[in-house]
Amino acid sequence: MIRASDLKKGAVAKVDGEPHVVESVSVQTPSARGTVTLYKIRFRNLQTKRKVDLAFRGDDVLDEADFERRPVQLLYGDSSSWAFMDLQDYSQFTLTRDDLEEEWPYLVEGLEGITALVSEGRVLGLELPLLVSLEIVETRPSVKGGSVTARTKPAVLSTGLVVQVPEYISQGEIIRIDTRTGQFVSKA
């Protein structure tokens, strides 16, 4: 059992008997006396990928999901699926584009630091590293004298993801993207 006040981003708990991963936690502390702190938690169902928003009191308890985190390596992929290898027992598995809807725009060959969430021998989902480096394949030409904090422009990355980048960034450069927010962080 895990208390709602102990849930953090990335924790896995059972909601309605199914494993859900915590995507975000917001704490709401009312100012009136005698009221309790509320924890508003956004879960993502690891099997159906649906998002669920629930509110709990701090002392509410949830069942812990039976799962383990296993390091995996990205081997190869095509337009419909990616193949992975478990780094502990060297078994291979394939996940389709539907299985990786949230993670798909960040997957490139050679990506390291991926963790698989496994329950009863079945891969429920992936946890990506916080930052990934991707190449810009299409953007407007850089503006000479463009400032670092100036305006932004859209850029298409090698995976098809479109992000806003500063004006001084040009096509062919490698940039770092935050996998939680999908936003530009820095040049690589």
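Values in this text are rule-based calculations from the coordinates and carry no lab data. Keep in mind that this is a model prediction, so the values were computed, not measured. Positions of Cβ are generated from backbone atoms using ideal geometry, with glycine treated the same way; all protein chains shown enter the neighbour counts.
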Task: Value of Rg to Rh for the stretch 2-64 (Rh from inverse mean 1/r over Cα pairs, i.e. Kirkwood) - done: 1.00
- [ ] For an R0 of 35 angstrom, estimate the FRET efficiency from the Cβ-Cβ distance between E102 and R57 and round to the nearest 0.05.
- [x] 0.75
TODO: Consider a paramagnetic label point 7 Å from the Cα of R42 along Cα→Cβ; state which residues of the stretch 160-183 have an amide N under 20 Å from it.
DONE: 161-164, 177-183
Open item on the list: At R0 = 22 Å, how high is the FRET efficiency between V25 and E64 if r is their beta carbon distance? Nearest 0.05 is fine.
Closed with: 0.85
- [ ] Please report the orientation-averaged projected area of the chain, defined via the convex hull of its C-alpha atoms, in nm².
- [x] 13.4
Open item on the list: Could you tell me how many cubic angstrom of Cα convex hull volume the stretch 69-110 has per residue?
Closed with: 74
- [ ] Identify all aspartates and glutamates with a Cα-Cα distance to K51 below 17 Å; exclude those on the same chain that are fewer than 8 residues away in sequence.
- [x] D16, E18, E23, D98, D99, E101, E102, E103, E127
- [ ] Averaging sequence separations of C-alpha pairs under 8 Å and six or more residues apart, then dividing by the length of the chain, give the relative contact order as a whole percent.
- [x] 13
Task: Set K8/K49; K8/K153; K49/K153 screened for pairs whose C-alpha atoms are more than 22 Å apart - done: K8/K153; K49/K153
Task: Calculated Rg and Dmax of the stretch 131-187 using C-alpha coordinates, Å - done: 10.3, 31
